Amino acid sequence: MSDLDWQRVREIDAEVTHVWMVRTFLKHADEAEDDEDLRDIVRDLYDFILAVGPVDEVQEPAAYLKMAKKKLRRLHRATELYETIQPEVSGHTNFVMAARSLRLAVDRIEMRLT
C-alpha cells in the first residue's frame, strides 16, 4: 500500500476523534433520554467509529478505506438528521457547536474518501 493511503487513514482517524467527542456529548446529554432520533444518531455515529476501528489496529489501509466508504452514507445521514433536529433538541451553544463540529469532521472524512 502506498504512503498516500496510510496518510488518508491517519487523516480520517483524526476526524473520527471529533465524531467520537460529538457522539459522547450527545449520548450523555439529558435530551437523549427522551429523543429517539438523537439516540439513533448516537448509534449511527458509533457504528461508523466501530466499523473503521482504532487506527493502531489497521493492517491494510485499503480495507480501512473501503469500510469507511461503505459506512459513509450512514454517517452522512446521521449528520444531516442531527443538523435538522438540533434546533428542536436544544438551542444551547453546546448543541449548536456539536452540529458544526460533526459537519466539519464528516465533510473532511468524505473529502479524504473521494
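Quick rundown of the values:
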| quantity | calculated |
| --- | --- |
| Which listed residue, of ASP5, ASP47, ASP13, ASP40, is in a helix (DSSP H, G or I), surrounded by 13 or more Cβ atoms within 10 Å (Cβ to Cβ) and in contact (Cβ under 8 Å) with a residue 60 or more places away in the chain | ASP5 |
| Residue match in the stretch 54-70 (condition: crowded, with 17+ Cβ neighbours inside 10 Å, out of contact with any Gly (no Cβ under 6 Å at 6 or more places or on another chain), without any contact (Cβ under 8 Å) to a residue 24 or more places away in the chain and of a type in the set (A, V, I, L, M)) | no |
| GLU31 being of a type outside the set (A, V, I, L, M, F, W, C), closer than 17 Å to ALA99 by Cα, part of a helix (DSSP H, G or I) and in contact with a Ser or Thr (Cβ under 7 Å, 6 or more places away or on another chain) | yes |
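Every number in this text was worked out from the coordinates using simple rules, so none of it is lab data. Only a predicted model underlies this, so the values are computations on that prediction, with no experimental measurement involved. Please note: Cβ atoms are built from the backbone with ideal geometry, for glycine as well, and neighbour counts cover all protein chains shown.
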